[in-house]
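Below you'll find the structure, written out as structure tokens, and then a few comments.
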Amino acid sequence: MPRSNYSRTVASLDTLLSRRSLLSSVPTAMTGMGLVHLLSRELAAATAPSARPSRNHAAHQLGAHYEPKAKRVLQVFCPGAASHIDLWEHKPELEKRHGQPLPGEENFVSFQGKNGALMQSPWKFKPAGRCGKMFTTRLPFMAQHVDDIAFVHSMQSKSNTHGPGCIFMNTGHDIEGFPAAGAWLSYALGSSNDNLPTFVAIPDIRGEPPNGKANWSNGFLPARHQAIVMAAHQPVRNLQRPADVSKGEEADTRSFLDALNERHAEAHPGNSDLHARMAAYELAARMQLSAPEVMDISGESEATKSMYGIDDPNKLKAAYARNCLLARRLLERGVRYVNLYCASRASGVDGLLNWDAHKTLKADYDRHCPIFDQPTAALIADLRQRGMLDDTLVLWTTEFGRMPTHQAGTAGRDHNPDGFTCWMLGAGVKGGTSYGATDAFGRRAEVNPTTVWDFYATALHLLGLEHTRVTRYYNGLDRRLTDVHGNLIEEILA
């Protein structure tokens, strides 16, 4: 090398390695190192066995942490904020003080405005079951199951708005983008029937709940963990083979596509959407036989159909009854999580399509309760007589409660996120129990305040899962259904 070039090279190195240059380069280098570390974790998570589809999904899941009490979950969701003090939690003081101001909150302004005086329930409560639980007379069929139910009367929500409230109850987070409880169970335990989805959402015939599909989303989990939507009034589409394609041609085509898909997946290991589409196509092919069979209720006995009320003259009740029967058929065929909805989104008329009774509580619930009561009670009874309640966990949920007062100028109740009721029954649950309580009027959770995270920590425990260990690394954190919270409600465990 000519000496002049050598001198220039040495000078350049001196400049590059000067103290000032070194210090100015360190932040950039550290940022790059951090980025490489984060990307390596993301890539490792995306390409881990649990992120790749398989014909035997259960072989690649996290697995139970200990012996489970429950193998499957039925979650019944009543959107619109079903009133705890009119359905589940008796408040004698509310009856005594009917028409008086709410002590200490005489001028309270809630979600839709100023509140009026205290308002007792339009329906009487009376003892039900061997446990003597005071229970509304508006749900006579559900009253038959109080000895099996563990009521949690001290629930609290982070939101007083339906959309965020619904997804908070379903995902443990009040913003979209997080996995639903059913998606977490699919991720943790996988499928027990390769011919049917692991997680199914059954929307009401009146429509989807507030915030729609975010209630059964996979969030940041691999896309194949989102729910498949099925309903008695909404058959799965595109399952039938075209008439001009023979079974042999279809099988050969599918085999060829499998080979192409596997090759493409190997070239794109971190693309969970791609893997989910492949798994969905494979599942759709298998569901050509399984889905029509599971949705065909014609083979059910007349006694069973009558018990559910599927031929009721109330068309909304009959539709919900068919969905309840579909839920049982899905559960008994190995679907791990069924998210069943009774009612739908809000409408221009409060309380018309869901339990959001702002103006006319009695008229609204006289419409909704008969739709819910008999079919839901029949579903529970059907699970019991088939021996399925021994390993099925049933959850009843809603997004928040209602105020003990009436809205000013109306005969309805406004939103109340500070106290409401959810309940469990079935596998591992101590029936005939009531945990926690709101105050004398039902305004706020006062005894053993309970969070959505506590509720799901307990549900996961019954499924053999330690809630702090069911995680997925996302956006810098190990995320989970219970966020950074959650304690077992041991008092309701059998």
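Here Val484 meets the list (1) part of a loop (DSSP other than H, G, I, E, B); (2) over 29 Å from Ala346 (Cβ atoms); (3) touching a residue at least 24 places away in the same chain (Cβ under 8 Å) almost entirely, failing just condition (3). Would you be able to say whether some residue in the range 449-472 is modelled with pLDDT of 95 or more, of a type in the set (Phe, Trp, Tyr) and farther than 28 Å from Leu221 by Cβ? No - not one qualifying residue is present in the range 449-472. Quick one: which residue in Ile149, Ile202 is crowded, with 22+ Cβ neighbours inside 10 Å and either of a type in the set (Ser, Thr, Tyr) or in contact with a Gly (Cβ under 9 Å, 6 or more places away or on another chain) (or both)? Of Ile149, Ile202, the one residue that is crowded, with 22+ Cβ neighbours inside 10 Å and either of a type in the set (Ser, Thr, Tyr) or in contact with a Gly (Cβ under 9 Å, 6 or more places away or on another chain) (or both) is Ile149. Note on the range 180-199: residues that are within 24 Å of Leu462 (Cα to Cα) and surrounded by fewer than 21 Cβ atoms within 10 Å (Cβ to Cβ) amount to 3. The set of residues in the range 205-249 that are of a type in the set (Gly, Ala, Ser), more than 25 Å from Pro164 (Cα to Cα) and buried (at least 17 other Cβ atoms within 10 Å of the Cβ) contains only Ala232. Residues in the range 103-146 that are surrounded by fewer than 21 Cβ atoms within 10 Å (Cβ to Cβ), in contact (Cβ under 8 Å) with a residue 40 or more places away in the chain and aliphatic (A, V, I, L, M): Ala117, Met134. With respect to the conditions (1) surrounded by fewer than 20 Cβ atoms within 10 Å (Cβ to Cβ); (2) out of contact with any Gly (no Cβ under 8 Å at 6 or more places or on another chain); (3) more than 30 Å from Ser301 (Cα to Cα); (4) free of Cβ contacts under 8 Å to residues at least 60 places away in the same chain, Thr458 falls short on a single one, namely (1). Any chance the range 414-431 includes a residue that's assigned to a helix (DSSP H, G or I) and surrounded by fewer than 24 Cβ atoms within 10 Å (Cβ to Cβ)? No: the range 414-431 contains no residue that is assigned to a helix (DSSP H, G or I) and surrounded by fewer than 24 Cβ atoms within 10 Å (Cβ to Cβ). Considered as a group, the residues in the range 332-361 that are small (Gly, Ala, Ser) and in contact with a Phe, Trp or Tyr (Cβ under 7 Å, 6 or more places away or on another chain) include one that is nearest to Ser217 (Cα to Cα), and that residue is Ala343. Among the residues examined, Val229 does not qualify as among the β-branched types (Val, Ile, Thr) and in contact with a helix residue (DSSP H, G or I) (Cβ under 6 Å, 6 or more places away or on another chain). Looking only at residues in the range 464-491 that are hydrophobic (A, V, I, L, M, F, W, C) and in contact with a helix residue (DSSP H, G or I) (Cβ under 7 Å, 6 or more places away or on another chain), which one is surrounded by the fewest Cβ atoms within 10 Å (Cβ to Cβ)? So the residue we want is Leu488. Being farther than 29 Å from Arg329 by Cα and in the same structural domain as Cys78 (by TED's automatic domain parsing) is not true of Phe455. Give the residues of the range 197-250 that are under 25 Å from Leu477 (Cα atoms), under 15 Å from the mean Cα position of the chain (by Cα) and either assigned to a helix (DSSP H, G or I) or outside the structural domain of Pro179 (by TED's automatic domain parsing) (or both), sorted by residue number. Correct list: Lys213, Ala214, Asn215, Trp216, His225. Of the residues making up the range 79-98, those that are of a type in the set (D, E, K, R) and over 32 Å from the mean Cα position of the chain (by Cα) number 4. Would you check if Glu105 is part of a helix (DSSP H, G or I) and acidic (Asp, Glu)? Criteria not met by Glu105.
The values are calculated or read from the model by the stated rules, or taken from the named source; none is laboratory data. Keep in mind it's a predicted model, so treat the numbers as computed, not measured. Reconstructed Cβ throughout: ideal geometry from the backbone, glycine too, with neighbour counts over all protein chains shown.
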